[in-house]
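This report concerns only the one structure given below.
The values are calculated or read from the model by the stated rules, or taken from the named source; none is laboratory data. Nothing here was measured: the structure is a model prediction, and the numbers come from that model. Counting neighbours? That spans all protein chains shown, and the Cβs are built from the backbone with ideal geometry, glycine included. The area values use the complete protein model at the heavy-atom level, side chains included, leaving out ligands, DNA and RNA. Shrake-Rupley method; radii C 1.70, N 1.55, O 1.52, S 1.80 Å.
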Amino acid sequence: MKRHPSNYSDWSTSTHAESSSDVYFEPIHILLVEDNQADIDLTLEMMKICKVSNNVTAVKDGEEALQYLRRQGKYAQCPRPSLILLDLNLPKKDGRQVLAEIRQDPELTQLPVVIFSTSEDERDVTAAYRNYANCFITKPADTEQFIKIVEAIDTFWLQIVELPTQGAPL
């Protein structure tokens, strides 16, 4: 099923499925990798405000993220996400290492990874793109800006972009 309308002129200023009876956006599964509970809560709240109606799982460190992605241990039955929102500064294994491992694993390499971090360090941005991050977004401190970013992620990654299908052959 399509995640976005085939005719982009059908989009209104509000592009969520609820806004139009003839447009349906198939929910996807998002993995949010974030160690700060306040940032997890804020991200989930902003997604709710923006009516981003997708399944989101949050994990709090890099090792847990890789276990989830590789479906190990308690994550053996979890769905593989269609999109990863990855913080850089994580305990146990930081986001830079997680990104590198994702890109080296043939089972995971096709997954889109959005770096979603408070870092504004040019070295972090450059390193993320060298490790094939799909994009780098700096988390804003301002709530209005945060809402705009969540809306932009929703519009681009969840409505415009064609993401890999769950279980599709590599």
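Values for this structure:
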quantity: Exclusive hit being within 17 Å of ILE84 (Cβ to Cβ), among the small types (Gly, Ala, Ser) and more than 13 Å from the chain's Cα centre (by Cα), set ALA133, ALA128; calculated: ALA128
quantity: Cβ-Cβ under 8 Å pairs, at least 6 apart or on other chains, segment 54-81 side in contact (Cβ under 8 Å) with a residue 40 or more places away in the chain, far side assigned to a helix (DSSP H, G or I) and hydrophobic (A, V, I, L, M, F, W, C); calculated: ASN54/MET47; ASN54/LEU158; LEU69/ILE102; ARG80/LEU69; PRO81/LEU69
quantity: Number of positions in segment 43-68 that are assigned to a loop (DSSP other than H, G, I, E, B) and either at pLDDT below 85 or hydroxyl-bearing (Ser, Thr, Tyr) (or both); calculated: 5
quantity: Some residue of segment 134-145 being in contact with a Ser or Thr (Cβ under 9 Å, 6 or more places away or on another chain) and among the polar types (S, T, N, Q); calculated: yes
quantity: In segment 33-65, the residues that are open to solvent by 30 Å² or more (accessible area, probe 1.4 Å), within 20 Å of LEU88 (Cβ to Cβ) and not aliphatic (A, V, I, L, M); calculated: ASP35, ASN36, GLN37, ASP39, ASP41, THR57, LYS60, GLU63, GLU64
quantity: Residues located in segment 68-95, provided they are open to solvent by 40 Å² or more (accessible area, probe 1.4 Å), farther than 29 Å from GLU122 by Cα and either in contact with a helix residue (DSSP H, G or I) (Cβ under 6 Å, 6 or more places away or on another chain) or among the polar types (S, T, N, Q) (or both); calculated: GLN72, GLY73, GLN77
quantity: Residues that are open to solvent by less than 70 Å² (accessible area, probe 1.4 Å) and farther than 15 Å from VAL33 by Cβ, drawn from segment 125-134; calculated: VAL125, THR126, ALA127
quantity: Which numbered condition GLU122 misses (of (1) open to solvent by less than 70 Å² (accessible area, probe 1.4 Å); (2) free of Cβ contacts under 8 Å to residues at least 40 places away in the same chain; (3) not aromatic (Phe, Trp, Tyr)); calculated: (1)
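Here's the yes/no breakdown for (1) closer than 17 Å to THR57 by Cβ; (2) in contact with a helix residue (DSSP H, G or I) (Cβ under 7 Å, 6 or more places away or on another chain); (3) open to solvent by 40 Å² or more (accessible area, probe 1.4 Å):
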{"residue": "LEU108", "(1), (2), (3)": "yes, yes, no"}
{"residue": "VAL113", "(1), (2), (3)": "yes, yes, no"}
{"residue": "ILE149", "(1), (2), (3)": "no, no, no"}
{"residue": "GLU162", "(1), (2), (3)": "no, no, yes"}
